[in-house]
Amino acid sequence: MEFLIRIGNAINSVMGIFGTAVVVPTVVLIISLIMGVGFKRAFQGAIYMAVGLTMFNTLLGVLFGGIAPYVTGMAENVGIQLPYVDVGWQGASVIVYSNQLGYIYLVLGLGINLLLFALKWTDTFQPTDIWNYYQFVFWAIIVQFVTGSFALGVAAAVFCNLIVLLIADIIAPSLQEYYGYDGVALTSVPQSGAPFAMIVRWILIKLKVKERHFDLRDFTQRFGFWGEPLVIGLVVGLIITILGKLNAVAELSTWSGILTVTLTIAGVMVIYPNVSGLFVKGLIPLSQMMNQKIRSGKLKREQFHIAMDPAIYFGESGNLTAALILIPIVFFISLILPGNKILMLADIPAMPFMTAGLIIVFRGNLLNTILTGTVWFSLCNIFNSDICEAFTQAAVAAGVGDKLPEVANAISQGLGVASWTVGTNPALWLVYKAFSAPGYTKIITIAVAIAVYLLIYFSFRKNRKAWYMAAGASEEFLAEKYGMPVAGASKSTGASGTSVQA
Amino acid sequence: MKNKINIAVACGGGIFTTTVVTEKLEEILRKNNIKYSISPHKITEVPNITGVDIIVVTGKTSEKNKAGAPVMLGLPLFTGVGAEEFTKQFLEKVREIMNNG
């Protein structure tokens, strides 16, 4: 631990001189080279990453410069207090990886993941999804900023990682069956909805509620445009700016401001994915390298799941339909929901990522997915609001808040940042609460958290089939792909049990 | 006969998997001396894509599109499972389109 802190401090002093846009890609470059990525590919990726980081900060300045007066205006005029502007998973990734714990965990997490996989503690090979580490390290950074302890932050990161792997293990067969992709796993934040969906499904089955099906496949054809960042930017931009200037809406000059800022917001929404695309490129060579390693047989074992970026689950028509219907529902509820302080924005187009964790459990049932999603995502906004202040501090520490005058200005007025998707994770919110309880109470709360984890872990290891089925996998699928005998039938006729044909 | 193939690559965010699959497709096409142009898209744009010969998606989606182009699931290039088979099918499709175009 002492060693980690010393390395961290050394990097931090270099960071102070060169800034995160230089240091973070350099760290990634070094890890990539150590893991055996060729220099040219690794260097190219690092340069893209540096450019992406720089442009991201610029874009955030543009967004806050435009939106800040309207967010405060909205509070004064209509009493809608949503001071934490959703800067998206893109924002969360930049803020997490620009924090000491964020880039240190790239190394530490990679080691831990390889070890846990080798020890067969987990069936999921996570290093292929290294890019998405930030989604759970996010909570560890919140722990660090609330408690002031780097050591507690590291411990929380490791524990969050264990939970992520457990959920990934449990839902993998269900995910594979619904999407029809062999051997894949989901270790990014969309998995967070699965446990809740499992509870809802369990209750529905206990109450013997009949399943109702709606065929809405045409919906995506007709309303697909509603999921586009441009359209979301225009609509949400108009709503925020009009509400923010409701006191002067009769004056012509007000409208020039409203239109300019709406176009600015829409513009940021359109350019945002490209910028984060550059940022991601730094870690792609490493992810591909790990993919090759696991396929080549050095680490391979008979049965395992391989963690994949959630982009592959996005466009399936049932999933996309549920998400497009949920976007306006969740957004409008968030405007009036007591306890919510987040102004949903940059992450709204990411809804189809988030619904994947629900729809697999409900085996494609749209009605259940939409109703459960409405409750779930609204509840999550309340938990997420609880940590926005700490997240904003993390942003300032990462140099996002103090170097950009627009953002610094907004923060001084009580505004801040949030990430809708990454913060949508009440299980990890509980971990944060356990790790940051006051004084010695945290010894008890952490012990309880670990006990609950171990209880579920061993229950799952002992009774895999029941857990797999609770997550939505069918008995037939488990018999075919996992060689698990169907209850009542004679012993399995020897299905191979391999879920990956490499 | 066409001298160049126009390909659209689409994934959820239009970023991560698209980048990887695009690189792999470029590699395949270069090896086979086929001229190409590849454009990145978001999967939600697929129904409205025009002017391309093939659409390669990284996740399942609706196959209808205005270009009337065949939609291929390029996930094997991303995961590595069944990559050779995909490459074979992809090249067959490309040659078929180029010979008929």
- Restricted to region A:290-346, and to residues that are touching a strand residue (DSSP E or B) at 6+ places or on another chain (Cβ under 6 Å), closer than 16 Å to A:Thr421 by Cβ and within 14 Å of chain B (Cβ to nearest Cβ), which residue is modelled with the highest pLDDT? A:Ala346
- Message: Whether any residue in region A:422-431 is at pLDDT 95 or above, of a type in the set (A, V, I, L, M), under 30 Å from A:Leu358 (Cβ atoms) and surrounded by fewer than 24 Cβ atoms within 10 Å (Cβ to Cβ) is what I want to check.
- Response: yes
- Note on the structure: Within region A:467-482, the residues that are in contact (Cβ under 8 Å) with a residue 40 or more places away in the chain and part of a helix (DSSP H, G or I) are A:Trp467, A:Tyr468, A:Ala470, A:Phe477, A:Leu478, A:Lys481, A:Tyr482
- Message: Between a residue in region A:358-375 that is farther than 14 Å from A:Leu326 by Cα and any residue that is among the polar types (S, T, N, Q), which pairs come within a Cβ distance under 7 Å, given they are 6 or more apart or on different chains?
- Response: A:Ile360/A:Ser174; A:Val361/A:Ser174; A:Phe362/A:Asn368; A:Phe362/A:Thr369
- Query: In region A:343-368, which residues are among the small types (Gly, Ala, Ser), crowded, with 24+ Cβ neighbours inside 10 Å and outside any helix (DSSP H, G or I)?
  - Reply: A:Ala346
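Counting just the residues of region A:467-502 that are charged (D, E, K, R) and surrounded by 11 or more Cβ atoms within 10 Å (Cβ to Cβ), which one comes out modelled with the highest pLDDT? Reasoning before the result, please.
Filtering region A:467-502 down to residues charged (D, E, K, R) leaves A:475-476, A:480-481, A:491.
Then keep just the ones that are surrounded by 11 or more Cβ atoms within 10 Å (Cβ to Cβ); that gives A:475, A:480-481.
Numbers: A:Glu475: 94, A:Glu480: 91, A:Lys481: 90.
By that ranking, first place goes to A:Glu475.
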- Message: Out of the residues in region A:173-195 meeting the condition of being part of a helix (DSSP H, G or I), touching a strand residue (DSSP E or B) at 6+ places or on another chain (Cβ under 9 Å) and within 14 Å of another protein chain (Cβ to nearest Cβ), tell me which one is surrounded by the most Cβ atoms within 10 Å (Cβ to Cβ).
- Response: A:Leu175
- Note on the structure: Pairing a residue in region A:452-466 that is surrounded by 11 or more Cβ atoms within 10 Å (Cβ to Cβ) with any residue that is modelled with pLDDT of 95 or more and not in a helix (DSSP H, G or I), where Cβ atoms lie under 9 Å and the two sit 6 or more apart in sequence or on different chains, gives A:Tyr457/A:Trp121; A:Lys465/A:Ala473
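Being within 11 Å of chain B (Cβ to nearest Cβ), farther than 30 Å from A:Phe214 by Cβ and in contact (Cβ under 8 Å) with a residue 24 or more places away in the chain is the requirement here; does A:Ser287 meet it?
Considered against the rule, which asks whether it is within 11 Å of chain B (Cβ to nearest Cβ), farther than 30 Å from A:Phe214 by Cβ and in contact (Cβ under 8 Å) with a residue 24 or more places away in the chain, A:Ser287 comes out as yes.
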- Taking region B:43-73 and keeping residues touching a residue at least 24 places away in the same chain (Cβ under 8 Å), at the interface with chain A (Cβ under 10 Å from one of its Cβ atoms) and either in a loop (DSSP other than H, G, I, E, B) or in contact with a Cys (Cβ under 8 Å, 6 or more places away or on another chain) (or both) leaves B:Ile43, B:Val57, B:Thr58, B:Gly59, B:Thr61
- Message: Checking the structure you have, find out if any residue of region A:21-40 is crowded, with 23+ Cβ neighbours inside 10 Å and among the charged types (D, E, K, R).
- Response: no
- Within the bounds of region A:227-250, is there any residue that is within 14 Å of chain B (Cβ to nearest Cβ) and farther than 29 Å from A:Ile336 by Cα? no
- Does at least one position in region A:381-394 carry a residue that is under 27 Å from A:Phe223 (Cβ atoms), surrounded by 19 or more Cβ atoms within 10 Å (Cβ to Cβ) and of a type in the set (Gly, Ala, Ser)? no
- Message: Restricting to region A:369-401, count the residues that are more than 17 Å from the chain's Cα centre (by Cα) and more than 26 Å from A:Ser149 (Cα to Cα).
- Response: 6
- Note on the structure: Going through (1) at pLDDT below 85; (2) farther than 15 Å from A:Thr321 by Cα; (3) assigned to a loop (DSSP other than H, G, I, E, B) one by one, B:Phe78 fails only at (3)
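The values are calculated or read from the model by the stated rules, or taken from the named source; none is laboratory data. Bear in mind that the values here come from a model prediction, so they are computed numbers and not experimental data. Cβ: placed from backbone, ideal geometry, glycine included. Neighbour counts: every protein chain shown.
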